[in-house]
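Colleague: One structure coming up, written as structure tokens, with questions to follow.
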Amino acid sequence: MFSKVFSAHVNGVDAEVVEVETDIASMGLPAFNMVGLADAAVRESRDRVRSALKNINMNVFAKPITINLAPADFKKDGTHFDLPLAVGLAISGGFISGDSDDTIYAGELSLDGKLRGVSGILPITIAAKEAGFKKIVLPSQNADEAAIVEGIDVFSMTSLDEALSFANGSSSFSPHKVDAMALFSKNSFYKDDFSEVKGQQTARRCAEIAAAGMHNLLMIGSPGSGKTMIARRLPSIMPEMTLSEAIETTKIHSVAGFVKSAKDLKSSRPFFAPHHTSSNVSLIGGTSKAVPGQVSLATNGVLFLDELLEFNRSVLETLRQPLEDGEVTIARAARTVTYPAKFMLTAAANPCPCGYMGDNKKQCSCTQAQIQKYRSRLSGPLMDRIDLHVEVQSVDISDLSSMNEGEASETIRDRVKLAHNIQLERSGTFNSRLSEKELKKFCKLDEKGKKIIEMASKKYSLSARAYSKILKTSRTIADLEGVKDIQSKHLLESLQYRMLTD
């Protein structure tokens, strides 16, 4: 007997509907054949499904079985095919009737028939809705994640028995509902606050500008000067994520296997700080399954590279393309996947190997040759892609106790939010992501401003990219003041944050 149920294959942050066709022959020796380019995890599902069906008294493996995963021109992977395979076998075996033309199934089976949560449910649910399916059946652990997608009924199951009862037409099940905004709001919080940062007015100002325009930021200073402290508080001054941003970020985390329950839904700006020994693959993404890397997981948030000059130069060079394009393409023998990489790069570095060049308390012990070799680890093209460069001076310990608390994150966030709103109303995107056409339209300079930028370009040999970065940063500074046109003071402040290293 022939049957067909539907599931989906996850490719990057998107999914494609897969038809699970099952045929059990009426005569012949027991056999199990699976075609349609199934990988090892899918082929192993045979044993999990066999045991799960046997434990609910359904034995369909005494006859020849053929399963086809269509379309058959790409490789399918993931343990979420267990549930649709089991449902298809139960229908073909005559145990249930199963009218499944409007339903998607996804879930992993344990040997006793219990359902386990799987990764990638959010893109699967979105793909099911876009393909016109009305229902999706999945493990209870994934229910909240799937239910944030409107326009499709989510049915939460704990066991194969329940899923088969639903497939057989039982009316005792009701769709799982959640308030998406309330769910995301519940998960939105930051434990660090800018009020804990004392002094460092220039660095704080740069952090605010960076957050307001989603600009990349480099902080250079001696150990203990507060670079990491400031970086970790950057997400707290960025506006709350919109629902579309939260769903986009959660999709990436779901594909990576980080969303196991409702508390893992991403509603706070992500902050990722990979260690300086990280490899290209961990940062950009890869392995044979082309999983997302740190640059993608940090989408709509902050990627912080502490001890920037300790990273392998080849690792740093891989950042150039995602910084420019806002996405990263991972090509492997079996598949090519494109992931979003719309992160704000924040980096911290010591000025020299010993860390104390220019420090007002300790003397540098490095030679000029050592300093030159140390700084050469960071290439000019990568530096060009960092909008703001700021020197962070250490604060004397004796002064810390007498200093007042800094401005709270909430106060700074209100100003940043206003700047964000101005940018989105004007161009629909952040200043750091303006195209060249938009740059000419929204970053016009008066005659005085043109002379200033021309003089700076000649004196410091600014590249065309650096020129664009300065204009975009000036636009953000003007937006923070609520000013329509870029003024000379905005341009001069922007230039001040490029002269440190250019």
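The values are calculated or read from the model by the stated rules, or taken from the named source; none is laboratory data. The model shown is predicted, which means the values in this text are computed figures rather than measured ones. Cβ sites come from the backbone with ideal geometry, for glycine too, and all protein chains shown count toward neighbours. Just so you know, the surface numbers come from the protein's heavy atoms only, side chains and all, with ligands and any DNA or RNA stripped out. Shrake-Rupley method; radii C 1.70, N 1.55, O 1.52, S 1.80 Å.
Colleague: Looking at the chain, send over the antiparallel percent of its DSSP beta bridges, to the nearest 5.
Modeller: Numbers: 26 of 56 bridges.
Approximately 45 percent, going by the DSSP bridge assignments.
Colleague: Sticking with this structure for a sec: Which peptide among 189-200, 174-185, 357-368 comes first, and what is the full order, when sorted by highest mean count of other Cβ atoms within 10 Å? Please list the in-between numbers first.
Modeller: On the way: 189-200: 17.2, 174-185: 14.4, 357-368: 12.9.
Those peptides, ordered most packed to least, come out 189-200, 174-185, 357-368.
Colleague: Roughly what % of DSSP beta bridges within the range 299-408 run antiparallel, to the nearest 5?
Modeller: If we restrict to bridges inside the range 299-408, about 55 percent are antiparallel.
Colleague: While we're on this one: Exceeding 24 Å between C-alpha atoms, which entries from my cross-link table qualify? They are LYS198/LYS361; LYS361/LYS472; LYS342/LYS469; LYS417/LYS451; LYS448/LYS472.
Modeller: Cα-Cα > 24 Å for LYS361/LYS472; LYS417/LYS451; rest within.
Colleague: So for ARG498, ARG116, ARG433, what's the accessible-area order with a 1.4 Å probe, most first?
Modeller: I get ARG116, ARG433, ARG498, largest accessible area first.
Colleague: For the chain, calculate the relative contact order in percent as a whole number, restricting contacts to Cα pairs under 8 Å that are 6 or more residues apart.
Modeller: Contact order relative to length: 13 percent.
Colleague: Quick check: the distance between the Cα centres of the range 12-87 and the range 258-272, to the nearest angstrom?
Modeller: After rounding, the separation between the Cα centres reads 32 Å.
Colleague: Also: Mind listing the phi-derived Karplus ³J(HN,Hα) values for the range 73-79, rounded to whole Hz, using 6.51, -1.76 and 1.60 with θ = phi - 60°, and x for any glycine or proline?
Modeller: 9, 9, 7, 9, 9, x, 7
Colleague: Lys/Arg Cβ at +1, Asp/Glu Cβ at -1, dipole of the chain taken about the Cα centre: which of GLY93, PHE271, SER170 is farthest positive-ward?
Modeller: Working it through, the farthest residue towards the positive pole turns out to be PHE271.
Colleague: Please state the relative contact order of the range 1-107 as a whole percent: Cα pairs under 8 Å, 6+ residues apart?
Modeller: Numbers: 217 pairs, mean separation 41.6, N = 107.
Reported as a whole number, the value is 39 percent.
Colleague: Taking H as built 1.01 Å from N, whose amide H comes closer than 5 Å to the amide H of GLY285, not counting residues under 5 places away?
Modeller: GLY293, GLN294
Colleague: Could you name the aspartates and glutamates in cross-link range of LYS450, using Cα to Cα under 16 Å and dropping any fewer than eight places away on the same chain?
Modeller: Within the straight-line limit of under 16 Å, LYS450 reaches these aspartates and glutamates: ASP485, GLU493.
Colleague: Let me ask something else. Can you run phi through the Karplus equation (6.51, -1.76, 1.60; θ = phi - 60°) for the range 172-183 and list ³J(HN,Hα) in whole Hz, with x for Gly and Pro?
Modeller: So the J values, rounded to whole Hz, are 8, 9, 10, x, 7, 10, 9, 8, 4, 5, 5, 5.
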